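These notes concern the structure reproduced below.
The values are calculated or read from the model by the stated rules, or taken from the named source; none is laboratory data. Small disclaimer: the values here were computed from a predicted structure and weren't measured. Glycine gets a Cβ as well: all are built from the backbone with ideal geometry, and neighbour counts include every protein chain shown.
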Amino acid sequence: MPMLSVVMCVHNEAQKLSSCLEKLIFADELVVVLDRCTDDSRAVVESFLPKFVQGGKIIEGAFEREGDRRNRALSEARGDFMLEIDADEHVSPELAAEIRAKTEKPDGDWFHIPVDNYIGERLVRYGWGASFGVSAVVRLTRKGVKHWGNQRVHPKVDLAGKKGVMLQNPLAHYVDTDVSDMLARLNRYTSLRAQDMRDAGTSETLRHNVARMFGRFYKCYVRRKGYREGEFGFLIALMAALFPVLSYLKLRLGKGE
């Protein structure tokens, strides 16, 4: 049977880790990168390592860029297949069984997994996209076929090999707790994006980014049917629309720190 490794990157997620990890013991190995953790995250992970048949490891460090820490986790894992999970995501028994079946009889080298996004306790199915949420992610890959870019936020992904058939059971993602959490995420992401733009020497203009606002809002609210979620759909579309222009303004006004 092919070996399956779960890989995670964690920054002060002690309160979320147990409920996430207890749903991952179907895998063979656990590899966790602890990025500048100052809480009890290490102790929680250590308590779960013996529950995996192949054990695992903990890597501690300070990683400025998301892509770097994700690549480190992937490189440290020994499995034939990698399952990347974040602390705010849960794998159902149905998805776990499907993942195992997919690795035993793979029809490709990398696979999309659908995502059910929650705001608090509410499942929000429609409207995600344009840098403020996704409805499917490539998280199940054969070892060596996935590489993350070096951006601080939303790093680009390079995939080799053959695309497999998308899984059917969704990954539960508890993306935000409430509206204030959504706004805090927008603030955090736009600051990181501004730093990436500075590093890349961007030549974007205010006019270009203002124009993007309308297209992004339309994409989320209309094309991705955010209107079906009522006020939450409107808010998601608004956050997606504001993302590029706020990032640009933070870059120009010196707030992308």
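Only one residue in ARG139, ARG152 is modelled with pLDDT of 95 or more and either assigned by TED's automatic domain parsing to the domain that holds HIS90 or not in a helix (DSSP H, G or I) (or both). Which one?
On the way: ARG152 fails: modelled with pLDDT of 95 or more.
Step by step, each of ARG139, ARG152 is checked, and only ARG139 is modelled with pLDDT of 95 or more and either assigned by TED's automatic domain parsing to the domain that holds HIS90 or not in a helix (DSSP H, G or I) (or both).
Within segment 1-15, the residues that satisfy the criterion of being of a type outside the set (A, V, I, L, M) and either more than 17 Å from ASN71 (Cα to Cα) or in contact with a helix residue (DSSP H, G or I) (Cβ under 7 Å, 6 or more places away or on another chain) (or both) are PRO2, CYS9, ASN12, GLU13, GLN15.
If I ask for residues that are among the small types (Gly, Ala, Ser) and either surrounded by 13 or more Cβ atoms within 10 Å (Cβ to Cβ) or within 17 Å of SER135 (Cβ to Cβ) (or both), which ones from segment 185-210 would you list?
Kept after step one, since they are among the small types (Gly, Ala, Ser), are these residues of segment 185-210: 191, 194, 200-201, 203.
Hits for segment 185-210 are SER191, ALA194.
Contact map, segment 33-62: first residue free of Cβ contacts under 8 Å to residues at least 24 places away in the same chain, second residue assigned to a loop (DSSP other than H, G, I, E, B), Cβ cut-off under 7 Å, separation 6 or more or different chains; pairs are LEU49/GLY55. Listed conditions (1) of a type in the set (S, T, N, Q); (2) closer than 15 Å to PHE243 by Cα; (3) surrounded by 14 or more Cβ atoms within 10 Å (Cβ to Cβ) are all met by THR177, apart from (2).
Can you find a residue that is of a type in the set (A, V, I, L, M) and crowded, with 20+ Cβ neighbours inside 10 Å anywhere in segment 212-222?
no
In summary, GLY120 fulfils each of the numbered conditions (1) touching a helix residue (DSSP H, G or I) at 6+ places or on another chain (Cβ under 9 Å); (2) surrounded by fewer than 19 Cβ atoms within 10 Å (Cβ to Cβ); (3) under 21 Å from MET82 (Cα atoms) with the single exception of condition (3). For VAL134, the conditions (1) assigned to a helix (DSSP H, G or I); (2) surrounded by fewer than 19 Cβ atoms within 10 Å (Cβ to Cβ) are fulfilled apart from (1).
Note on segment 89-115: residues that are among the acidic types (Asp, Glu) and buried (at least 17 other Cβ atoms within 10 Å of the Cβ) amount to 3.
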